[in-house]
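Asker: Here it is, the structure in full.
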Amino acid sequence: MATTKPCLLPYGTVSRVFPFAIVLAVASRCFASDPVSFAPKDLVLTHEQVGLGRTVEFGIRNNVPSTVELSKVQTSCGCTKPQYTAGSIPSDTEHDIRFEIDTEGKVPGDHMVNIFITLVIDGVSTIITYPVRFSVAGSATDSLGTGTETVTIPLANRSWPLTKYIVIPYAGSRLTISSPDAGIRVSRILRVQSRKTIVELSLAPTGFGPDYRSSLNVKTEFGERSIDVIPLMTNYELKDYYMNRNSAGSISK
């Protein structure tokens with residue numbers, strides 16, 4: 001493996017022998033801050049540039065006098081698939097790296113993926129991160145129309161508290177669920193994946209209004225919406241429920 005030789009230019013020699021322009025060129029080459037650079041320096045993609053089967057390309061340039069070995073390319077998201085050829089990148093040359101980016105299932109809005117590039121520079125293995133930013137068309141709040149829309153409560157149930165589950169799509173890192181009635185309580189939050197969160201609810205029979213209708217207010221980092229909570233019973237069950245509720249404060253026969 002070739003090694004990088006330091007650029008040693010004695011001050012007297014430089015001032016007498018080399019023209020000023022050459023000194024600047026040599027100095028900028030010797031004291032380059034990064035062993036490699038990227039073109040473009042920042043990769044930002046619009047929603048027209050991403051999608052199923054779309055291929056994106058960027059270049060990595062070797063700024064050191066010795067050869068750099070490209071060993072591996074990985075990404076932080078399964079939505080990207082790198083396409084590269086491992087091998088040598090000679091000094092002062094650029095090597096192209098391509099990757100496919102599939103945004104299907106991604107919530108509308110801005111996203112970022114990191115490309116992890118493993119290089120061997122002067123015999124030392126180094127991982128360099130190249131961020132890629134992209135956007136998905138639409139509004140993030142559009143996705144909140146899917147998931148659980150209604151929670152039904154079978155009031156003929158004889159086992160309380162009752163457990164119910166709701167699905168919140170694209171909850172992100174911030175999720176708040178509240179209800180105006182004490183009969184609904186969040187037991188636990190199960191994050192199945194980045195695009196789906198399942199919430200376990202515990203429902204008590206005595207913490208609701210007279211018509212037993214209620215709602216859940218769901219706030220995420222992408223928006224806010226309401227989930228209706230409605231009773232599920234026949235007219236006979238409803239009458240029986242109110243009679244027992246007024247007399248004993250619970251559902252029983």
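Asker: Determine whether residue 27 is of a type in the set (A, V, I, L, M), under 20 Å from residue 125 (Cβ atoms), surrounded by fewer than 17 Cβ atoms within 10 Å (Cβ to Cβ) and at pLDDT below 85.
Answerer: So residue 27 fails the test.
Asker: Would you check if residue 133 is closer than 30 Å to residue 102 by Cα, at pLDDT 85 or above and of a type in the set (Lys, Arg)?
Answerer: yes
Asker: If I filter segment 166-205 down to residues being over 19 Å from residue 222 (Cβ atoms), modelled with pLDDT of 75 or more and not in a strand (DSSP E or B), which single residue comes out as farthest from the chain's Cα centre (by Cα)?
Answerer: 204
Asker: If we scan segment 39-52, do we find a residue that is free of Cβ contacts under 8 Å to residues at least 60 places away in the same chain, of a type outside the set (A, V, I, L, M), on the phi > 0 side of the Ramachandran plot and surrounded by 13 or more Cβ atoms within 10 Å (Cβ to Cβ)?
Answerer: yes
Asker: Can you list the strands (runs of 3 or more DSSP E) found entirely within segment 54-110 that contain at least 1 residues being more than 27 Å from residue 122 (Cα to Cα)?
Answerer: Values: elements: 54-62, 68-75, 80-83, 87-89, 94-101.
Passing ranges, in order: 54-62, 80-83, 94-101.
Asker: Checking residue 163 against (1) modelled with pLDDT of 85 or more; (2) surrounded by 15 or more Cβ atoms within 10 Å (Cβ to Cβ), which test does it fail?
Answerer: That leaves (2) as the condition not met.
Asker: Just give me the residues in segment 111-125 being on the phi > 0 side of the Ramachandran plot and either part of a strand (DSSP E or B) or surrounded by 14 or more Cβ atoms within 10 Å (Cβ to Cβ) (or both), in sequence order.
Answerer: Passing the criteria: only 122.
Asker: So how many residues does segment 142-151 have that are farther than 17 Å from residue 103 by Cα, modelled with pLDDT under 80 and outside any loop (DSSP other than H, G, I, E, B)?
Answerer: The qualifying residues number 2.
The values are calculated or read from the model by the stated rules, or taken from the named source; none is laboratory data. Source: prediction; values computed, not measured. Every residue, glycine as well, gets a Cβ built from its backbone with ideal geometry; the counts of neighbours run over all protein chains shown.
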